[in-house]
Amino acid sequence: MEPTTEIKDLQGLSEAVAAERLKTNGYNELPSTKQRSIFTIAGEVVREPMFLLLVACGASAGIASAYNAPIAGSFFVAEIILGSIAMESLGPLAVSAVVATLTIRVLTAAQVMYRVPVFQLNSPWEMGPYVILGLLAGGMAPLFLRSLKQSEEFFIALRLPLVARLALGGLLVGVIAINVPQVCGNGYTVVVDILNGRLVWTVLLGIFACKWLATMSSFGSGAPGGVFTPTLFMGASAGYLFGTGVHALWPASGVDPGAFALVGMGCVLSSTTRSPLLSIIIILEISLNYSLMPALMLGCAVSTLVARRLHPASIYTEPLRRKGLIVPQEATASEAATERTVGDLMRAPVPPVRETATLREIADRFLTGANNFLPVVDGKNQLVGLAALQDLKEYLGTGEEFRGVIAYDFMRPPPPCVTPNQRLVEVLPVVLASEQRNIPVVNTLRENRLVGALPRAEVLGIFSEAIAESSKTEG
């Protein structure tokens, strides 16, 4: 069943989400207002993590319904757009993807997107050609990305109004489509014909070249059409052409070029998105063909490694880099600084003292421990103050009149605290302003019950690594 929904401009969605994350986390300045999409403008009004999650859920639902692939839709958004496969975000993404998939199945009776034969691996030696296919796909992806970039630069250099650029791009696509109508639309019927071996390789070679040119014209002019499905189209074409060559050189193997087309779809998608897991899942979901799992996994892994070596940015991060935005999900240190929570680093709390503890008890604690601050709690373990070694010095060496002094008499007010579910980037101001090596962690800011401690040095170390990595990226 041909999909009834088309993914529109996923680059713009990635840009909006990444830009909002960057602005919220203080990474970089956003582009001018003219460059911002409606998602970014909305994000300036709703400056909460919930906004990002809602946008992500919408993207997950769109991909799941367009490709009848709820698992791939969830992981695509989690891995590529949000940059984190965390349960607190993956859960809502999965729910939205499942609801969208069920809805589209009820409305269209769609079950399997690509109906393909069952391919088999007849010999372990067949894995060799699939490795070569992964190498070729990994080399093809940077060429594809560079061609899209050059096409966009060409249209921008014309200095035409946006409407004129769109018209020119449409004219070029129309001229190609008049002669090769297979380049129109999402290419579903052509891909099905490729997978089932209904096209002659000479005809397919021409269609492949024309589809590449049409995608460049559409993308470069700024037309909202996306490149996700064209990537699958060209992967299937390249895989089938390669499989035809393998069959001609090694006829005794009995390999089916359609099998190489299916694996080629995953390899090219993996090398352009830099996401082998997503590619494996979506190929399995849209085809329901698990017989080529080993070849698909190996090909996707090889193509991703080759593509990363030749071209660092993916098809979705390349537009962000050209506009001066740093993409946190590509950097491990930056992701740690922006995505990890207090609970991830929280340790056991510094053993507190009661508000009724005597001066002698508190002095003994300071003498036997390495902390310069001790949390003071009441009978309900609520943080009510802070005992500082510096404040205790005026009582040392005094007479009997100070034997009745307790913690309540000289403790400081409760310091600013953090909670386990807060992100590190949210508590950074508290960490920077704190004098304590271990910042108190409370269950909630209302109850203020002491549950742990956040090591200040470890938090600052994470942000130092993120800044250093960011500087290397910019340089």
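Numbers at a glance
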quantity: In nm, spacing of pseudo-spin labels at ALA223 and VAL200 (7 Å Cα→C-beta vector); calculated: 2.9
quantity: Potential lengthening between LEU305 and ASN372 on full extension [0.36 nm per residue; Cα-Cα distance subtracted]; calculated: 19.2 nm
quantity: Amide proton proximity set for ALA387, modelled H, under 5 Å, gap of 5+; calculated: LEU374, VAL376, ARG412
quantity: Kirkwood hydrodynamic radius over Cα pairs of region 337-470, then Stokes diffusion coefficient at 37 °C and 0.692 mPa s, in µm²/s; calculated: 209
quantity: Burial ranking of peptide ranges 262-269, 293-300, 125-132, 232-239 (average Cβ count within 10 Å, highest at the top); calculated: 262-269, 232-239, 293-300, 125-132
quantity: Theoretical FRET efficiency, 1/(1+(r/R0)^6), r = Cβ-Cβ of VAL99 and THR444, R0 30 Å, to 0.05; calculated: 0.40
quantity: Between region 144-174 and region 444-465, the alpha-carbon center distance in angstrom; calculated: 50
quantity: Full-stretch length increase - ASP344, ILE467 - with 0.36 nm per residue and alpha-carbon distance subtracted; calculated: 42.3 nm
quantity: Relative contact order for region 337-470, counting Cα pairs under 8 Å that sit 6 or more residues apart, in percent; calculated: 32
quantity: Full-stretch length increase - ALA363, TRP125 - with 0.36 nm per residue and alpha-carbon distance subtracted; calculated: 78.2 nm
quantity: Separation between Cα centres of region 256-283 and region 176-224, rounded to whole Å; calculated: 18
quantity: Per-residue HN-Hα couplings for region 200-216 [Karplus 6.51, -1.76, 1.60; θ = phi - 60°; Hz; x = Gly/Pro]; calculated: 6, 5, 5, 5, 5, 4, x, 4, 4, 5, 5, 5, 4, 5, 5, 5, 4
quantity: Ordering of 437-447, 211-221 by packing [mean C-beta count within 10 Å, highest first]; calculated: 211-221, 437-447
quantity: Environment charge of ARG437, counting only residues whose C-beta is closer than 14 Å and scoring Lys/Arg +1, Asp/Glu -1; calculated: 0
quantity: Nearest-0.05 FRET efficiency for ALA433 and TYR395, computed from C-beta distance (R0 25 Å); calculated: 0.40
quantity: Estimated FRET transfer efficiency when R0 is 51 angstrom, pair ALA167-ALA457 (beta carbons, to 0.05); calculated: 0.30
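Every number here is computed from the coordinates shown, using simple stated rules; none is lab data. Model, not experiment: these values are computed from the prediction. In this analysis, Cβ positions are derived from the backbone assuming ideal geometry, glycine residues included, and neighbour counts consider all displayed protein chains.
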